[in-house]
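Let me begin by presenting the structure, written as structure tokens, before commenting on it.
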Amino acid sequence: MNFKRVFLIVLDSMGVGEARDANDYNDSGANTLGHIKDNYDLFVPNLKKLGFLNTLTMEDGITDAYYTIAKPENPGKDTLNGHYEMVGVRNHVPFKNFNDTGFPRELIDEIEFVTGKRIIGNKSMVESEVLTEFAQRHLDYGSLILYTSNGSNLILAAHEDVIPVSKLYSYCEKIRKITLREDWKVGRVIAKPFTSLKNGKFKFTNEDKSFAVKPPTRSILNSLTNNDYSVISIGKINDIFDGEGISKNIKAITTLEATNKLTDIMDKNFTGLCFVNLPDFDSLYGHKRDLEGYARAIEEFDIEIPMIINKLENDDLLILTADHGCDPTFSGTDHTRENVPVIIFGRNFKEPKKLEPLETFADIGATIAENFDIEKPLIGKSFLEKLK
């Protein structure tokens with residue numbers, strides 16, 4: 001074992017340029033980080049020292065970390081597919097995406113039948129718009145708010161005084177069974193309870209719950225826990241893998257909350273993997289096509305880098321990467337099929353430099369597997385020997 005603890009941090013949607021098959025997804029020219037940098041005076045001195053900006057050009061540079069890009073191999077550009085691939089899950093069939101069309105009438109009929117409730121919404125929306133547009137109508141008529149956002153998901157929202165949280169969960173469990181059918185197979189069904197504020201407005205609570213499909217193949221997370229290593233999930237990682245291979249789940253809704261939980265965990269003694277998702281880049285800014293908001297979020301995360309690095313032990317490994325792109329200069333609200341940055345930092349590295357591009361996100365998982373001497377994932381090739 002080279003490293004006792006590995007911290008794998010996913011900067012959700014931080015793509016660095018179109019993937020080799022981007023044209024198949026109508027994403028030619030996509031470059032989330034590149035287009036943000038082109039249109040905003042991005043100030044990220046700490047990430048820059050780690051080679052973060054070098055991943056846009058793959059030019060040689062003097063950096064404090066190894067840096068490269070990883071290319072997506074599994075089909076799709078969804079959150080689940082990206083996270084699956086980086087831990088060695090092979091997934092040949094992408095999940096269904098209904099961002100452009102809404103859900104088909106046949107599915108809506110099935111949902112109304114199993115819940116006994118009328119459906120309102122049925123379109124792609126960013127979270128901040130949902131309650132403004134539909135909350136009062138839901139209160140007036142008792143209809144369920146249904147929408148999609150952030151890729152392959154179906155989200156069911158209800159006021160907790162109209163539909164108790166436990167009942168909303170049971171509705172989502174029923175919908176999860178319906179949406180296992182291939183024509184409607186979304187990655188996640190998500191329950192989103194909300195409540196009223198004193199000013200007459202509404203807000204989502206922290207009682208949201210995700211009902212994901214089980215990963216189609218084993219991952220390094222399974223192999224780690226099967227060998228008594230810790231796998232600590234922070235943020236939506238546990239939901240993405242439906243709890244598979246997770247030994248400790250720490251809930252975090254925002255990037256700031258997830259970062260704070262991460263720095264707390266870094267003070268703990270464990271051996272294994274801490275797997276973190278930082279959601280705001282994607283959920284608050286990428287899908288809204290808010291370039292300036294996205295840029296400011298990157299700058300805010302840059303401020304956290306020194307604290308994260310200072311908490312690393314000599315035998316820790318830090319990996320920063322992403323799961324897909326969400327280019328804020330593109331039309332629509334969907335993810336974009338992109339390569340992702342891979343930054344690898346350790347205190348004792350003697351010659352950090354550029355690495356050759358990784359042919360699959362799964363090389364990250366393969367490297368973690370080799371470090372802990374566990375079963376190799378089904379896909380991916382380790383680059384552990386290159387870290388000196």
Using a 10 angstrom cutoff on alpha carbons, build the Gaussian network for the chain and name the most mobile of 296, 105, 218. 105
What is the distance in Å between the Cα centres of region 98-170 and region 287-349? 31 Å
The long-range amide H neighbours of residue 372, using H built 1.01 Å from N in the peptide plane and a cut-off of under 5 Å, are none
Taking the chain as the reference, fit the longest principal axis to its C-alpha atoms, fit the long axis of helix 127-141 to the helix C-alpha atoms, and give the angle between the two in degrees, 0 to 90, nearest 10. 20 degrees
With both partners inside region 105-211, how many of the DSSP beta bridges are antiparallel, as a percent to the nearest 5? 45 percent
Quick note on 213, 231, ordering by fewest other C-beta atoms within 10 Å, gives 213, 231
The value for region 105-211 (convex hull of the alpha-carbon atoms, volume per residue, Å³) is 92 Å³
Short version: ³J(HN,Hα) in whole Hz for each residue of region 176-186, in order, from phi by Karplus 6.51 cos²θ - 1.76 cosθ + 1.60 (θ = phi - 60°), x for Gly and Pro, what are they? 4, 5, 5, 8, 7, 5, 4, 5, 10, 6, 8
Cβ-based exposure ranking for 281, 349, 372, in which fewest neighbours within 10 Å come first: 349, 372, 281
Using only Cα atoms, tell me the angle between helix 362-371 and the longest principal axis of the chain; keep it within 0 to 90° and round to the nearest 10. 60 degrees
Give the Rg (one decimal place) followed by the Dmax (whole number) of region 4-73, computed from C-alpha coordinates and expressed in Å. 13.4, 42
Between residue 248 and residue 136, 0.36 nm times their residue separation minus their Cα-Cα distance comes to what? 36.5 nm
With 10 Å bins from 0: P(r) over region 72-154, alpha-carbon pairs, percent: 17, 37, 29, 15, 2
Short version: ³J(HN,Hα) in whole Hz for each residue of region 349-357, in order, from phi by Karplus 6.51 cos²θ - 1.76 cosθ + 1.60 (θ = phi - 60°), x for Gly and Pro, what are they? 5, 9, 9, x, 6, 6, 9, 5, x
Reachable lysines from residue 353, criterion Cα separation under 24 angstrom, eight or more residues apart if same chain: 4, 37, 48, 49, 71, 311, 381, 386, 388
Residue by residue, what Karplus-based ³J(HN,Hα) values in Hz, rounded to whole numbers, does region 318-328 have, using 6.51, -1.76 and 1.60 with θ = phi - 60° and x for Gly and Pro? 10, 10, 10, 7, 9, 10, 4, x, 7, 5, x
Taking placed amide H atoms and a strict 5 Å upper bound, the residues 5 or more places from residue 124 or on another chain that come that close are 102, 148
Mean separation of Cα contacts under 8 Å (at least 6 apart) over the residue count of the chain, i.e. the relative contact order in percent, is 31 percent
Relative to the present Cα-Cα distance, how much length would full extension add between residue 381 and residue 92 at 0.36 nm per residue of separation? 102.2 nm
Taking the beta-carbon count within 10 Å as an exposure proxy, list 313, 160 from fewest neighbours to most. 313, 160
Give the long-range amide H neighbours of residue 99: residues separated by 5 or more places, or on another chain, with amide H under 5 Å away, using H modelled in the peptide plane at 1.01 Å from N. none
Top of 350, 198, 117 by mean-square fluctuation, Gaussian network on the chain, Cα under 10 Å: 198
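Where a number appears in this text, it was derived from the coordinates with a stated rule and is not lab data. Nothing here was measured: the structure is a model prediction, and the numbers come from that model. Because the Cβ atoms are built from the backbone with ideal geometry, glycine has one as well, and the counts that use them run over all protein chains shown.
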